[in-house]
Amino acid sequence: MASLLGIGGGIIAVPVTYFTLMYFGYPQEKLMHTAVSTSLASTVITAFGASVSHLRKKSIRFDALKAIAIGLIFGCSFGVFLAFHLGNASLRYIFGTAVLPLSVYFLSRNSPTHILPQSPTSP
């Protein structure tokens, strides 16, 4: 999704999963948790594959990884703890609150075509 739209895939995948599960009668109190965790699971699988590829190419800067590792561990742990203790409605509110400003930004900015190189003219 990120390469196609310039945004993270969760912005699309979470609502689609949420409403699909709702349509098929999934329990209301588990909808948002399942939608978010499914999106994150697909992200983990994709990131793992990309990490292995970069490791084989020796293109991982372990010095930079060490610098952010504590923040990554803390942030991920806090997010899991918070999501575990929040209800479905709270997670929906947090997700919507995060997506709304992004939506306004993406809908109000100019078309990204200005960053594409000009097509070569034929002689």
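Can you tell which of Leu21, Phe62, Val99 lies farthest toward the positive end of the dipole of segment 2-107, using +1 and -1 charges on the Cβ of basic and acidic side chains (Lys, Arg; Asp, Glu)?
Phe62
Per residue, what volume in Å³ does the convex hull of the Cα atoms of segment 2-107 enclose?
It is 130 Å³ per residue.
Values in this text are rule-based calculations from the coordinates and carry no lab data. Note that the structure is a prediction, hence the values are computed from the model and not measured. A quick note on method: Cβ atoms are made from the backbone with ideal geometry, for glycine too, and the neighbour counts reach across all protein chains shown.
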